[in-house]
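Student: My questions will all concern the structure given below.
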Amino acid sequence: MSGVWFNQSDAERSGYRGGMKWNLDSSSRPVVVTDRLTLRALEMSDCPRVAELAGDKRIYDMTLLIPHPYSAKQAEDWIGTHAAQWERWREDWTMNFAIRARSGGGLAGDPIGDLIGVIGLIGRPVYKRAEMGYWLGVPFWGKGFMTEAVGAVVAFAHGELGVNRIEAGVFEGNAASMNVLRKAGFVEEGLLRQRFLKDGKFVDERMFAKISGLRPGG
């Protein structure tokens, strides 16, 4: 890893109040470290774990693009697309992080913790905007892990990448995800009726956004 750390004052200006640092791994990909989590690039060795956790029907029900059933081969195909994204992460702002429970300090030499979920951005640099998506394995729900991960990625995106607007869409009825976003300083902007067709039924989506430098209500 390099010796460069994310500036905590930038994180605080982004609205994140947790302990967070970031560094680069040996392939110059960012590694974000919070109090309990390490966010880093997925590896091919993660395929079985991704298939196991994301293959839960409850994950499928609240996401748009995750298939069900979800095989290790499908996970391999998906992770195989990441190398090209990481080559241009600074330019394109598109990336996916494995959310790992920290088994040490999260720094060089620490064991890599177990994958418990995934969080990512799809960048639109020309508009200074990015879309956020995430999922967390069912055994880890209700412990505040996703709130911690979302807050850290928001701070990284605002402070390091220069993203102005981060938006996230949530299926109507996914109260837990809405609460995560509100805790991270996102503001609900509206309801998009019958936004998607899933399993033969139309699904409404609630749109949330976080603007750099603005507090909720601002």
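Student: Looking at the stretch 175-205, which of its residues are among the aromatic types (Phe, Trp, Tyr) and surrounded by 13 or more Cβ atoms within 10 Å (Cβ to Cβ)?
Tutor: Quick first cut of the stretch 175-205, residues among the aromatic types (Phe, Trp, Tyr) only: 186, 196, 202.
Selection gives Phe186, Phe196.
Student: Can you pull out the residues in the stretch 31-68 that are basic (Lys, Arg), modelled with pLDDT of 95 or more and over 17 Å from Phe171 (Cα atoms)?
Tutor: Taking the stretch 31-68 first, the residues basic (Lys, Arg) are 36, 40, 49, 57-58.
Filter once more, keeping what is modelled with pLDDT of 95 or more: 40, 49, 57-58.
Within the stretch 31-68, Arg40, Arg49 meet the criteria.
Student: Still on this structure, I have one more. Which members of the stretch 179-218 meet the condition of being of a type in the set (S, T, N, Q) and more than 19 Å from Met62 (Cα to Cα)? It would help to see each step written out before you state the result.
Tutor: Our first condition is that a residue be of a type in the set (S, T, N, Q); within the stretch 179-218, this holds for 179, 194, 212.
Within the stretch 179-218, Ser212 is the sole residue that qualifies.
Student: Let me ask something else about it. What tally of residues in the stretch 37-65 results from selecting those that are surrounded by fewer than 18 Cβ atoms within 10 Å (Cβ to Cβ), farther than 16 Å from Gly133 by Cα and within 15 Å of the chain's Cα centre (by Cα)?
Tutor: 0
Conditions (1) in contact (Cβ under 8 Å) with a residue 60 or more places away in the chain; (2) surrounded by fewer than 18 Cβ atoms within 10 Å (Cβ to Cβ), marked per residue:
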residue: Leu24; (1), (2): no, yes
residue: Pro30; (1), (2): yes, no
residue: Val33; (1), (2): yes, no
residue: Pro67; (1), (2): no, yes
residue: Trp78; (1), (2): no, no
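Student: Regarding Met95, is this residue touching a residue at least 60 places away in the same chain (Cβ under 8 Å) and either under 26 Å from Leu161 (Cα atoms) or of a type in the set (Ser, Thr, Tyr) (or both)? Spell out the reasoning first.
Tutor: Details: touching a residue at least 60 places away in the same chain (Cβ under 8 Å): yes; either under 26 Å from Leu161 (Cα atoms) or of a type in the set (Ser, Thr, Tyr) (or both): yes.
Yes; evaluated as a whole, the condition is true for this residue.
Student: OK, next. State all residues of the stretch 136-160 that are surrounded by fewer than 22 Cβ atoms within 10 Å (Cβ to Cβ) and in a helix (DSSP H, G or I); if no residue qualifies, say none.
Tutor: Val138, Pro139, Phe140, Phe145, Thr147, Glu160
Student: Which of the residues that make up the stretch 179-203 are among the aromatic types (Phe, Trp, Tyr) and in a loop (DSSP other than H, G, I, E, B)? Don't jump to the end; show me each part of the working.
Tutor: The first filter runs over the stretch 179-203 and keeps only residues among the aromatic types (Phe, Trp, Tyr), leaving 186, 196, 202.
Selection gives Phe186 alone.
The values are calculated or read from the model by the stated rules, or taken from the named source; none is laboratory data. Bear in mind the structure is a predicted one, so any value in this text is a computation, not a measurement. In this analysis, Cβ positions are derived from the backbone assuming ideal geometry, glycine residues included, and neighbour counts consider all displayed protein chains.
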